[in-house]
Amino acid sequence: MSLLRTEMASWQGSNSFNSSNGTDLTIGFTSSAVAVFLFGTNFVPVKKFDTGDGMFFQWILCTAIWMVSLIVNLIQNCPRFWPLAMVGGFLWATGNVTVVPIVKTIGLGLGLLIWASFNLLTGWASSRFGWFGIDPEEVANPVLNYVGAGLSVLSTILFLFVKTDIQTSSSSSSSECTPLVREHSINTSEHRNENRNDVSWVDNFSPLGRRIIGCSLAVIAGILYGSSFVPVLYIKDHGRRNGTTYTGASQFDLDYVFAHFSGIFLTSTTYFLIYCAVMKNRPKVYPEAIIPGIMLKYMFCYNYKYLSHILWQLH
């Protein structure tokens with residue numbers, strides 16, 4: 001009888017573990033599906049509103065991100081602030097600076113495909129092989145894992161050969177694509193003429209030059225996006241070890257939101273101040289982009305929330 005009870009207890013424990021594991025996977029994949037939709041649509045406002053060279057727009061985005069992170073930090077009862085997590089924010093903000101030029105040169109669809117592919121491959125490689133000091137991930141079936149990565153590489157190469165027809169501000173030809181910059185009146189008449197004559201530096205290049213620049217920036221953005229979570233993973237992994245600076249660090253991803261987003265805001269503000277200095281304190285400001293930019297980054301913060309669920313449930 002004692003042996004029977006032991007076996008029944010063991011079976012119940014195993015069944016409970018399998019059920020819990022199945023629930024975690026369901027939550028993880030559901031969160032992934034929601035994040036895919038939101039990440040795939042959150043840059044749509046870039047196609048609908050005047051954004052110019054993108055520097056003012058990216059600063060608005062990152063300001064909205066930091067505002068939301070402050071609220072999250074208060075809800076989380078102000079968890080410990082790890083400065084290393086700000087490095088991830090620096091990487092993300094640097095990639096974010098390239099978004100508007102990418103959309104202007106190769107379009108939102110192709111740009112998103114390229115940077116998302118390199119984002120995926122960078123994230124996969126860093127976690128699979130333990131790059132940058134994080135713990136390597138063990139997979140149940142390495143063959144399928146490498147086959148999936150190989151297919152991603154193949155699709156990325158194919159994306160680089162996709163042709164796009166992007167209408168620039170200086171082009172008068174009609175196109176199915178919605179132009180990024182419409183010639184509205186913005187601020188004073190002086191700013192209006194300036195904005196119409198020189199809306200973006202990428203307009204000065206030939207179609208081939210714009211394509212090379214757009215694809216190159218998309219690759220760089222993807223690598224930066226894919227590396228942006230590495231500092232947080234490094235803290236978490238070393239938090240499980242004894243005798244390290246990060247011993248005892250939280251394993252909950254949302255506890256790093258404020259530090260990560262503070263890095264984003266600080267980096268974005270630095271880039272914008274440098275831009276203002278280069279422009280001799282006459283930056284190109286586009287008021288119409290403010291509210292769309294804020295709403296866009298509210299979507300990003302929801303994306304981050306769902307991505308945190310993915311990491312928490314599947315890690």
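We did not get these values from a lab; they are worked out from the coordinates using the rules stated. The structure displayed is predicted, hence computed values, not measured ones.
Determine the gain in length on full extension of the stretch Asn77-Leu158; use 0.36 nm per residue of separation and subtract their C-alpha separation, reporting nm with one decimal. Intermediate results must be reported in sequence, preceding the final value.
Values: separation 81, 0.36 × 81 = 29.16 nm, distance 4.67 nm.
Here the segment from Asn77 to Leu158 would lengthen by 24.5 nm.
Can you tell me what the convex hull of the Cα atoms of the stretch 221-279 projects to on average, as an area in nm²? Walk me through the intermediate numbers first.
Values: hull surface 20.8 nm².
Its average projected convex-hull area is 5.2 nm².
At 0.36 nm per residue, and after removing the present C-alpha to C-alpha distance, how many nm does the segment from Thr269 to Ala149 gain when stretched out fully? Mind showing how you got there, number by number?
Numbers: separation 120, 0.36 × 120 = 43.20 nm, distance 3.58 nm.
Full extension of this stretch gives 39.6 nm more.
Report the full-extension gain for the segment Ala140 to Thr23: residue separation times 0.36 nm, less the Cα-Cα distance, to one decimal in nm. Could you put the intermediate results ahead of the total?
Values: separation 117, 0.36 × 117 = 42.12 nm, distance 1.86 nm.
Stretched out fully, the Ala140 to Thr23 stretch lengthens by 40.3 nm.
Can you grab the distance from the C-alpha centre of the stretch 249-283 to the C-alpha centre of the stretch 113-166, Å, no decimals?
27 Å
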